[in-house]
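Trainee: Got a structure here, written out as structure tokens. Questions coming.
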Amino acid sequence: MPSNTQSTKSRSTVAQMRSRLDDATHSTSENLQAYGSHYVAEPAQDVAGLVRDYAKDRPDVAAVWLFGLGVLVGWKLRG
């Protein structure tokens, strides 16, 4: 008898886990589709916005990157 009760509990637990996994998968799928349609619609504005936000959060790092890019572009144009 104990193994039958234990088997029923494990089936119930497995069913609950599958249900939670299905819910999480569905939710993730919907979110990815929403993000995908947004970033496909206006990718240049999104990239510019991400760069702008990064520069606001870390102005010293952004300044070093811009300096490095300026040196690289100037060197290539000169050469």
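Trainee: Going by what's in this entry, would residue 17 be described as modelled with pLDDT of 85 or more and out of contact with any helix residue (DSSP H, G or I) (no Cβ under 8 Å at 6 or more places or on another chain)? Spell out how you get there, then give the answer.
Mentor: Working: modelled with pLDDT of 85 or more: yes; out of contact with any helix residue (DSSP H, G or I) (no Cβ under 8 Å at 6 or more places or on another chain): yes.
For residue 17, the condition - modelled with pLDDT of 85 or more and out of contact with any helix residue (DSSP H, G or I) (no Cβ under 8 Å at 6 or more places or on another chain) - is met.
Trainee: Give the number of residues within segment 49-62 that are more than 19 Å from residue 36 (Cβ to Cβ) and of a type in the set (Gly, Ala, Ser).
Mentor: 2
The values are calculated or read from the model by the stated rules, or taken from the named source; none is laboratory data. All values derive from a computational prediction rather than experimental measurement. When we count neighbours, we look across all protein chains shown, and the Cβ atoms used for this are built from the backbone with ideal geometry, even at glycine.
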